[in-house]
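Asks: I'd like to ask you about the structure that follows.
The values are calculated or read from the model by the stated rules, or taken from the named source; none is laboratory data. Predicted model, so just to flag it, every value in this text is computed and none were measured. Cβ sites come from the backbone with ideal geometry, for glycine too, and all protein chains shown count toward neighbours. Just so you know, the surface numbers come from the protein's heavy atoms only, side chains and all, with ligands and any DNA or RNA stripped out. Shrake-Rupley method; radii C 1.70, N 1.55, O 1.52, S 1.80 Å.
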Amino acid sequence: MSMLRGFLVLVLFFILGESVRLLLALPVSGGVLGMVVITFTLMLKGSVSDDLALASQGLISVLVLLIMPGVVGVFFTADQFSGQWLAVAAALLVGTFLSVLTTLVLMKLVTTRGVSDRE
């Protein structure tokens, strides 16, 4: 039952993100907006509930399946990229590098903060 409560929280934030996207006509996914809102909410709260953690762990285990629709979409629209593969490859490489770099910097900040909080 607690996993269902966690999924309910995730779905509510997704719906909130979709609502904000539709109301403000933003060119950003409702899921992304929902993740931003839930991130700030959890930062203000200072902790994650057990229900939300349990539901999130369940989703992380099937993360590849959540990414698959985007990959399939690119596969079927590959003809639109003809002649632009260099730009696409550069965007993928730079985007991946920046994503990994950001993750490393945030991980270092969080672990350093966690160590200094314990002392």
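Asks: Could you list, in sequence order, the residues of segment 30-71 that are assigned to a helix (DSSP H, G or I) and touching a residue at least 40 places away in the same chain (Cβ under 8 Å)?
Replies: Correct list: Asp50, Asp51, Leu52, Ala53, Leu54, Ala55, Ser56, Gly58, Leu59.
Asks: Return the pair list, or none, for Cβ contacts closer than 9 Å from residues in segment 10-29 that are outside any helix (DSSP H, G or I) to residues that are surrounded by 12 or more Cβ atoms within 10 Å (Cβ to Cβ) and among the charged types (D, E, K, R), at least 6 apart or on different chains.
Replies: Pro27/Arg21; Val28/Arg21; Ser29/Glu18; Ser29/Arg21
Asks: Here is a further query. Just a yes or no: is a residue in segment 58-81 among the polar types (S, T, N, Q), over 29 Å from Met3 (Cβ atoms) and more than 18 Å from the chain's Cα centre (by Cα)?
Replies: Yes, that holds for at least one residue.
Asks: Still on this structure, I have one more. State all residues of segment 72-111 that are open to solvent by less than 80 Å² (accessible area, probe 1.4 Å), of a type in the set (S, T, N, Q), assigned to a helix (DSSP H, G or I) and at pLDDT below 90; if no residue qualifies, say none.
Replies: The one that is open to solvent by less than 80 Å² (accessible area, probe 1.4 Å), of a type in the set (S, T, N, Q), assigned to a helix (DSSP H, G or I) and at pLDDT below 90: Thr111.
Asks: Now for a separate question. Check Gly30, Gly6 and return the single one that is on the phi < 0 side of the Ramachandran plot and within 15 Å of the chain's Cα centre (by Cα).
Replies: It is Gly30.
Asks: Answer with yes or no whether Ile67 is hydrophobic (A, V, I, L, M, F, W, C) and modelled with pLDDT under 85.
Replies: Here the answer is yes, as Ile67 does meet what is asked.
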